[in-house]
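Visitor: Quick one: the structure is below, and I'll ask about it shortly.
The values are calculated or read from the model by the stated rules, or taken from the named source; none is laboratory data. Owing to the predicted nature of the structure, the values given are computational and were not obtained by experimental measurement. FYI the Cβ positions are ideal-geometry reconstructions off the backbone, even for glycines, and counts take in every protein chain you see. Note: areas computed on protein heavy atoms with side chains; ligands, DNA, RNA excluded. Shrake-Rupley method; radii C 1.70, N 1.55, O 1.52, S 1.80 Å.
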Amino acid sequence: PNEEGAKERLETSPRHGEYVDVPLAEGKSIRAYVVYPEVKDKAPVVIVIHEIFGLSDWIKSVTDELAADGFIAIAPDFLSGRGPDGGATESFAGRDELTQAVRAISADDVDAILNATRAYATKLPAATDKFGVIGFCWGGAQSFRYAGTQPELGAAVIYYGTSPSDASVYEKITAP
């Protein structure tokens, strides 16, 4: 669905979606939205990297759509703990604040969050150890960059994100 239809999709989805806390280093955690497919066998994991507007209903609906396709889909909120009073995406007053906060997230922090999300999701009882990433805009750029830093990545999908400026990244990409 488009942005306007995302909330309705989430409210009417037959799949189970929930917020979870993904442990990070030093006793910290990040909030993520996970949706489980309606399948009897174990499922591969897809990490959904949100756009510059944070973990929106639209990103959550994409997560639900991926679960409908048979994946355990998990969307970490990269703004967890970065908002007013330690909040996440929903704690920001508007899109300008959201975009500024997302732009301030370092590549090292992105990798730490993605690696922690992978570790969490692939250990779920319903998951296989196979995983991929998909990203949109800012998330697309992170998906592309992560493909060059995570050799165990099974696949990376980039939707209108920029490519890495460091040409050496391309040589390190092994995932389709």
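Visitor: Mind ordering 65-72, 50-57, 6-13 by average Cβ neighbours within 10 Å, highest first?
Guide: Ranking, from highest mean packing down: 50-57, 65-72, 6-13.
Visitor: While we're here: Cβ under 12 Å from Ser106's Cβ, Ser106 left aside: what net charge do those residues give with Lys, Arg +1 and Asp, Glu -1? Working shown, then result.
Guide: On the way: positive: Arg82, Arg103, Arg145; negative: Asp108, Asp109, Asp111.
Neighbourhood net charge equals 0.
Visitor: Tally up the carbon and sulfur contribution to the accessible surface of the chain as a whole percent, 1.4 Å probe, everything protein left in place.
Guide: The nonpolar share, carbon plus sulfur, comes to 50 percent.
Visitor: Using mean Cβ contacts within 10 Å as the protection proxy, how do 28-35, 146-153 order, highest first?
Guide: Ranking, from highest mean packing down: 28-35, 146-153.
Visitor: Using the Karplus curve 6.51 cos²θ - 1.76 cosθ + 1.60 with θ = phi - 60°, work out ³J(HN,Hα) for each residue of the stretch 130-136 in order, rounded to whole Hz, and write x for Gly and Pro.
Guide: 7, 8, x, 10, 9, x, 10
Visitor: Taking Cα pairs under 8 Å and at least six residues apart, what relative contact order does the stretch 1-59 come out at, in percent?
Guide: 35
Visitor: Which value, in Å², gives the accessible area per residue of the chain when a 1.4 Å probe is used on the protein heavy atoms?
Guide: 50
Visitor: Moving to a separate point now. For the chain, please report how many Lys pairs fall under 20 Å Cα to Cα, leaving out neighbours fewer than 8 apart on the same chain.
Guide: Counting lysine pairs in the chain gives 7.
Visitor: I've got another one for you. Rounded, prolate or oblate: which fits the stretch 31-176, taking a ≥ b ≥ c as square roots of the Cα gyration tensor eigenvalues, rounded meaning a/c under 1.5, else prolate when a/b beats b/c?
Guide: oblate
Visitor: Could you work out how much longer the chain between Tyr170 and Glu90 gets when fully extended? Use 0.36 nm per residue separation minus the Cα distance between them, nm to one decimal.
Guide: So the extension gain works out to 25.3 nm.
Visitor: Looking at the chain, what % of its DSSP beta bridges pair antiparallel, to the nearest 5? Intermediate values should be presented prior to the final figure.
Guide: Working: 12 of 26 bridges.
Percent antiparallel among DSSP bridges in the chain is about 45.
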